[in-house]
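The values are calculated or read from the model by the stated rules, or taken from the named source; none is laboratory data. This is a predicted model, so every value here is computed, not measured. Backbone-built Cβ (ideal geometry, glycine too); neighbour counts: all protein chains shown.
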Amino acid sequence: MSASPAHRDASDRPLPQVRLVGTRPEHAALCWQWRQEPVARRFNPYDDLTLDELAVRFGAVGHDLSNHAFKTFRWMVRSEEIGFVGTVSIRANWRMLHGEIGYQIGKEWGGRGFGRAAVALLCDEAFQQSELIRLFATISVGNEPSRSIVESLGFTHEGTLRKHHLIEGHFLDQWVYGLLREEWRPGSLPA
């Protein structure tokens, strides 16, 4: 996928440039480590997968959003200066033409704009390479960094799903945020 343009954040600092690289089985070890981080486990309803099972899953996803043979698409987020810093995904419903996005940035890279830059690039690619008309994210209530990313990109809070996910033995409410194709400005980030 293409590289992110040189966007700026709300304080006028340039966001880091990132590229989205299709996941391969050899990326699973790094992502598996990120999935073990306490904050990630607190907010995400991960399937309890072994490293080998995650590698198989990474080998069975799409990377080209124009290919409707796939419903799940996943990319690694790569910074040229640092290397891989996170992952983004879309689960597409081709009949309804919407996609649920997911994203995770490794704890050591959080707060540096990588999440916002990666999700912005994901939105650009989704709306330019596919027929999807709506993207949405479900975010565990309390996950303020994740909420901040989608709000900064123009997603609208559409509601709250009560006791929607069972995570680490506790039911968590989920905020639902959505973005329509006509609300997105390709190559730009809302202020």
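Does F136 qualify as being farther than 24 Å from P14 by Cβ and modelled with pLDDT of 95 or more?
yes
Please give the number of the condition E80 fails out of (1) modelled with pLDDT of 95 or more; (2) at negative phi; (3) of a type outside the set (A, V, I, L, M).
Against the list (1) modelled with pLDDT of 95 or more; (2) at negative phi; (3) of a type outside the set (A, V, I, L, M), E80 comes up short only on (1).
Restricting to segment 153-191, what's the tally of residues that are closer than 17 Å to V88 by Cα and among the hydroxyl-bearing types (S, T, Y)?
Count: 1.
Which numbered condition in (1) touching a residue at least 24 places away in the same chain (Cβ under 8 Å); (2) of a type in the set (A, V, I, L, M, F, W, C); (3) closer than 24 Å to G110 by Cβ; (4) part of a helix (DSSP H, G or I) is the only one that V56 fails?
That leaves (3) as the condition not met.
State which residue is surrounded by the most Cβ atoms within 10 Å (Cβ to Cβ) when the search covers only segment 59-93 and only residues that are outside any strand (DSSP E or B) and among the β-branched types (V, I, T). Quick ask: steps written out before the conclusion?
Quick first cut of segment 59-93, residues outside any strand (DSSP E or B) only: 59-61, 63-71, 80-82.
Still in the list and also among the β-branched types (V, I, T): 61, 82.
Details: V61: 18, I82: 14.
This residue is V61.
List the pairs whose first member sits in segment 106-120 and is closer than 14 Å to M76 by Cα and surrounded by 19 or more Cβ atoms within 10 Å (Cβ to Cβ), whose second member is aromatic (F, W, Y) and at pLDDT below 95, and whose Cβ atoms are under 8 Å apart, counting only residues at least 6 apart or on separate chains?
Qualifying pairs under 8 Å: G106/W34.
What single numbered condition from (1) surrounded by fewer than 15 Cβ atoms within 10 Å (Cβ to Cβ); (2) in contact with a strand residue (DSSP E or B) (Cβ under 6 Å, 6 or more places away or on another chain); (3) among the aliphatic types (A, V, I, L, M) fails to hold for M96?
For M96, the exception is condition (2).
Would you list the strands (runs of 3 or more DSSP E) that sit entirely within segment 94-191 and hold 3 or more residues that are more than 16 Å from the chain's Cα centre (by Cα) and of a type outside the set (D, E)?
So the answer is 156-167, 170-180.
Yes/no per residue for (1) among the hydroxyl-bearing types (S, T, Y); (2) modelled with pLDDT of 95 or more:
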{"position": "S4", "(1), (2)": "yes, no"}
{"position": "D9", "(1), (2)": "no, no"}
{"position": "L15", "(1), (2)": "no, no"}
{"position": "V21", "(1), (2)": "no, yes"}
{"position": "D47", "(1), (2)": "no, no"}
{"position": "G115", "(1), (2)": "no, yes"}
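Name, by its number, the condition in (1) under 19 Å from G187 (Cα atoms); (2) in contact with a strand residue (DSSP E or B) (Cβ under 7 Å, 6 or more places away or on another chain) that does not hold for D124.
(2)
Under 9 Å between Cβ atoms, at least 6 apart or on separate chains: pull out the pairs that start in segment 30-48 with a residue that is more than 22 Å from H164 (Cα to Cα) and end on any residue that is of a type in the set (F, W, Y) and not in a loop (DSSP other than H, G, I, E, B).
Filtered contacts from segment 30-48: L30/F84; C31/F58; C31/F84.
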